[in-house]
């Protein structure tokens, strides 16, 4: 019980360490830069999946519009990078040098007002966090205060994603339209394209990811985390324990939005462009499946789920593009029908108990009661009921 | 007509089989021609490309899945055909071409990722690929960073020029201006109504068309409308067309929207044999989905039609049908995609090397006399000199050639006065 | 913008524009009815709804090919046969899906969303493998093409009239089935109290299965009808899905009247806006209005206040 | 402010309360007053509107007309969580606890501290909290089940746990909806004992069918019938009211 109150317990620490070794040591050593950059790209989605664990797994709020926040974060970053790439020297063939190329194509002759602050990196970094959070706050406040939840919320977030996509595509003079913002080159003069930059960015991203994992872990371990779980189960009861359910939902949704936005910003840096194809409904739903495969209640599972699905996608679509869609579709169905707790559930139900038994037989001195308790709350709530 | 419809039932299956065969390096299919021993690999490949003494690897990068698979399938087929033919004719510098095909999955970042994989991992000597502007824009920085060579087949909006890309389709002025001139003269057209899908290619094309109509033809644009990609309801814009009674409807609607647009236009009682309509986005491929009866009478402005009467084209169409099924249609982009491997082969042979820098430098001036569209030549700006043609859609889904420019039109990706 | 036109011109345009709105309305109702039954009565979110529609479209295409090849004399009437076949094909697939998939997920509505999304991916790829990646063109009999002149300047498209009649017919049929027939009473009984319904001898599993099948079957008819106005390709179904869901949710999920009212208001808003601005902006504004109203009135237009 | 101000300070005053669902008036112009430290039992046949009254007071259902004052606060204008924070606690008819959490966590969540988002994030499980949880757990007979997942408890234990969750909130007005329903005889006895300890120093509003139990604890009884008060007073008075006998006790 006391163990429970601590921010990470022994098993969880082990889990985080294993992931750290995998991401910091094993992958960089075993993969070439190209593949490592792919991993970096996948990991940007892991941020989104992590956010979904908090808002969907813990809080029971399924958002089908996480692409909106991924996109907002990504676009904020891309706007900064695009401005830097559009220096008057780089763009001297344009009729108006010094503005992004797509603006020039759309007969815009001066930088729009809302672009101007993105000359500043500090402003950009703040915007990456604040803009999506603010947006999530507005949506969340409007919906949760009026007790819109469940499927309605899912469909409305989906509509928001559709609106934003059409808007970005339609306002191409300001956003780059369907092409997105391409050809991003430098960050404060530092070229983000060569291999060594990719490696630096990879490690930076992994560090950020662990930052987010710790935040997620902190939230889960705090009373707030337990309130979220309680809320998912019996919303009314939480209300009658004196909590404002709406505020907690808004908080979870905002955190998820911020994580997604960080992922989006890292995407723009790692991949070198941003496009509306991440904002829409399809990518948003795909991001949900990463979380579901990892186990919607498992923080680390989100990372593994994202990596697994994307590795499968890349390798399958390289050799069997047709099979890939069958595979992905089948994965959705299998996860929902057979493994509602995803990889974490499989781990918690089948693998962990064996390992435990192995350890228990070796050193019988350990406290079996604490172990079983921890095992349960780590293998992330293997026995937990599905979110809905 | 019934014949035409029956093929739908059997052709995909058959196409599938054929694709499977084609995936095996085409040598097995064509009975293994003997490859003359070419120059030493060390001499023709100084940059570590995937070239051996007997083989050279080339990438094909299109969408085989997702919404764009509809359009890009033809390009894949054409490129495979060209490569098979080149191999049959002895390969490139005595080396057989090996294909690595990647799926862009209609997703722009995937295109970038796969392009990078082809260049970095597979070290391909050239990539035949991309279809939409968005995919090209995503791939372009990768091509430039890793110094690859892309042969891009689609007619597009222009405003681009790269050492690492050969544009085998037409850029906007090349495609549009001659067509507008023709229709203005032929139909005495003064007023135009523009309808397009809402993204960069239609918007840029319409911008160029508008300048040309207003400044050169001294006509008037009475309406300019854009609908989101995938929109299926066009009754409102059709009413606006009825209200403004333009001499010419000028369209660049793409994808599934296309089908909806022409079906609804027909249903609204706009008779394309009386109302002139000029499209720059409908090829034989699109008519397949629209249905010939819905679009018959419309004019399309392209550089190639399947029905072109010349020796090259007859051979090309026959070979294409032999490989991909009798009833597979061939559109403008499909033909342009077919040019890619041939132009690359000719350039390699002129440069005497697979090195990308040498190919980029040797490209201007390369002539391809065997092109189905007729003679083409690569311009200094890496686009093609080509003729512009206007065709009239017929009930059977083919175009009847109505007009073609007398000379090759010069590609002008950064047109003065149209920006 | 109206300065250059005569009053007569404007008048007929407004009539035709009103008609365009009505066609859009019919299209929305047709799309949404099947979904409204499934979502409203069963609480299942069927993300593969669009793919069931496209199945109907492909069935129509195959039927037209069959008639052209073997019964060319009856070609003018094939469309009715096609619609019936489309209904049964989509309905049968729907029942199969219910039995294999949905049945296990009634207690987890959000999970049905993910599972049916997976199903939609599988169906899309299946269509691509079977029918090819290219779009297919469905040829219509001559009488369904063109338009009917009402006055010199007012013309209405025949396929529009056809869709409207079809919508009316199907709506009446559905209303009858749901509110008058014995089976409809069973469905509603199951919706209100599954356990009680089971206790009084209603085979709830079978009712669920048929309800889902009916919803999918109507989607099939809709898809068949849409071959007249839209495209038929492996991914065409996705074009409809967001609109469809918004219509259903905006109407208040449990209400057939609500679905119709919401289809009406959304279609009229959109077609009116389309006349004054570009199609893209009209779409954005319509969606924004719908989302905005849903934020103020989350239960939709026509949800009843019930004692919880 | 003087208008409508009661001469005597009631803890809870319900005046002219009406709620209608699509025209059906579940509660119709209802008025009653609860004093400090009073134990009031509401009885009435099924569908009389008993649970709806509790729903209205705790904010779960919004009133169509009328006023509910708790001290000087108008509860009809407050949200559920604000009503709880003002000092009104509610136990539901079916045990409403968090199955996924342990007994300890169930009680801890109900502990009235850190109820804002930020407060919950920075909440620490200090000695005060632990002691209070242990204290309450002892009262509700669950002292040695603190680390058990709540879903494993028996039905009666779940009822106790929910009562414990209310207790730890320390409300001034405690509302219990059929606290002994579905319990075994021995559990019933223990529950009565529990209720007798916890009703000290607070006002309690109870809905109950078990007449024996009502007689044991009630200071005053209100009989509801079709959303209106049929009779009100001591158990003795109510029992002898002919109207009551006709509609309820007589059966």
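Every number in this text was worked out from the coordinates using simple rules, so none of it is lab data. Just so it is clear, the model here is predicted, and its values are computed rather than measured. Every residue, glycine as well, gets a Cβ built from its backbone with ideal geometry; the counts of neighbours run over all protein chains shown.
Taking every pair of distinct Cα atoms and averaging 1/r, then inverting, what Kirkwood hydrodynamic radius in Å comes out for region C:241-308? Please list the in-between numbers first.
On the way: mean 1/r = 0.0818 Å⁻¹.
One decimal place: 12.2 Å for the Kirkwood radius.
Over all directions, average the projected area of the Cα convex hull of region C:1-129 and note it in nm².
On the way: hull surface 50.4 nm².
Mean projected area for region C:1-129: 12.6 nm², to one decimal.
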(request) Quick one: go through region D:82-122 and flag any residue whose amide nitrogen is under 17 Å from the point 7 Å out along the Cα-to-Cβ line of residue D:210. (result) D:91-96
(message) Based on alpha-carbon atoms only, what is the radius of gyration of region A:53-170 relative to the globular estimate 2.2 N^0.38 Å?
(response) 1.31
(message) Going by average Cβ density within 10 Å per residue, which order do the peptides B:56-62, C:88-94, B:180-186 take, highest to lowest?
(response) B:56-62, C:88-94, B:180-186
(message) Applying a 10 Å radius around every beta-carbon, put A:269-281, B:134-146, C:166-178 in order of their mean neighbour count, most first.
(response) A:269-281, B:134-146, C:166-178
(request) Take every residue in peptide A:182-188, count the Cβ atoms of other chains within 10 Å of its Cβ, and give the average of those counts. (result) 3
(message) Against the 2.2 N^0.38 Å scaling, with N counting residues, where does region C:32-239 land? I'd like the Cα-based Rg ratio to two decimal places.
(response) 1.10
(message) Quick check: the distance between the Cα centres of region A:49-76 and region A:305-334, to the nearest angstrom?
(response) 22
(request) Can you put D:70, B:234, C:264 in order of Cβ neighbours within 10 angstrom, beginning with the fewest? (result) C:264, D:70, B:234
(message) So, R0 is 22 Å and r is the distance between the beta-carbons of residue A:311 and residue A:359; what FRET efficiency does that work out to, to 0.05?
(response) 0.15
(request) May I ask for the Kirkwood hydrodynamic radius of region B:50-178, worked out over all distinct Cα pairs and given in angstroms to one decimal? (result) 14.9
(request) Sort the following peptides by mean Cβ neighbour count (other Cβ atoms within 10 Å, averaged over residues), highest first: C:48-58, D:110-120. (result) C:48-58, D:110-120
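Would you compute, from DSSP H runs of 4+ residues alone, the mean residue ellipticity of chain D at 222 nm, taking -39500 (n - 2.57) per run and dividing by the full residue count, rounded to the nearest 500?
Value at 222 nm, helices only: -9500 deg cm²/dmol.
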(request) Please give the calculated 222 nm ellipticity per residue for chain C, where each DSSP H segment of at least 4 residues contributes -39500 (n - 2.57) and the sum is spread over every residue; nearest 500 deg cm²/dmol? (result) -23000 deg cm²/dmol
(request) Mind telling me which of A:313, A:41, A:249 comes out most flexible in a GNM of chain A, alpha-carbon contacts under 10 Å? (result) A:313
(request) Could you quote the convex hull projected area for chain D, Cα atoms only and averaged over all directions, in nm²? (result) 15.0
(request) Find how many whole Å separate the alpha carbon centroid of region C:22-86 from the alpha carbon centroid of region B:122-151. (result) 41
(request) Provide Rg over Rh for the protein assembly as shown; use the alpha carbon set for both Rg and the Kirkwood Rh (inverse mean inverse pair distance). (result) 1.02
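Return a whole-number percent for the relative contact order of chain D, with Cα pairs under 8 Å and 6 or more residues apart as the contact set. Show your work: numbers first, answer last.
Numbers: 428 pairs, mean separation 67.3, N = 251.
Here the relative contact order equals 27 percent.
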(request) Ignore the peptide's own chain and count Cβ atoms of other chains within 10 Å of each Cβ in D:74-82; give me the average, rounded. (result) 3
(request) Determine the percent antiparallel among the DSSP beta bridges restricted to chain B, to the nearest 5. (result) 30
(request) With an 8 Å cut-off on Cα pairs and a minimum separation of 6 or more residues, tell me the relative contact order of region C:32-239 in percent. (result) 45
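What Kirkwood Rh does region B:152-219 have if only Cα atoms enter the pairwise 1/r average? Answer in Å.
In region B:152-219 this quantity evaluates to 12.9 Å.
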(message) For chain D, set up a GNM with springs between Cα atoms under 10 Å and report which of D:166, D:224, D:194 has the largest fluctuation.
(response) D:194
(request) Going by C-beta contacts inside 10 Å, put D:22, A:236 in order with the fewest on the left. (result) D:22, A:236
(message) Quick check for you: which residues of region C:250-282 have the amide N under 16 Å from the point 7 Å beyond the Cα of residue C:10 toward its beta carbon?
(response) C:275-276
(request) Just check region D:97-170 against the gyration tensor rule for me: Cα atoms, a ≥ b ≥ c as the square roots of the eigenvalues, rounded for a/c under 1.5, and otherwise prolate or oblate depending on whether a/b exceeds b/c. (result) prolate
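Summing -39500 (n - 2.57) over the DSSP H runs of n ≥ 4 in chain A and dividing by its residue number, what mean residue ellipticity at 222 nm do you reach, to the nearest 500 deg cm²/dmol?
Values: 19 runs with 262 residues, N = 388.
Using -39500 (n - 2.57) per qualifying helix, the result is -21500 deg cm²/dmol.
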(request) Tally the DSSP beta bridges in chain D and give the antiparallel ones as a percent, rounded to 5. (result) 55
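Exposure proxy check: B:130, D:58 ranked by fewest other beta carbons within 10 Å?
D:58, B:130
Over the residues of chain A, compute the C-alpha Rg and express it relative to 2.2 N^0.38 Å. Don't skip to the answer; put the middle values down first.
Values: Rg = 21.8 Å, N = 388, 2.2 N^0.38 = 21.2 Å.
The value comes to 1.03.
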(request) Mind checking A:244-257 for the average number of partner chain beta-carbons within 10 Å of each residue's beta-carbon? (result) 2
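Once R0 is set to 35 Å, what does the formula 1/(1 + (r/R0)^6) return for the Cβ-Cβ distance between residue A:351 and residue C:205, expressed as a FRET efficiency to the nearest 0.05? List each step's numbers first, then the result.
Details: r = 36 Å, r/R0 = 1.02.
E between residue A:351 and residue C:205, to the nearest 0.05, is 0.50.
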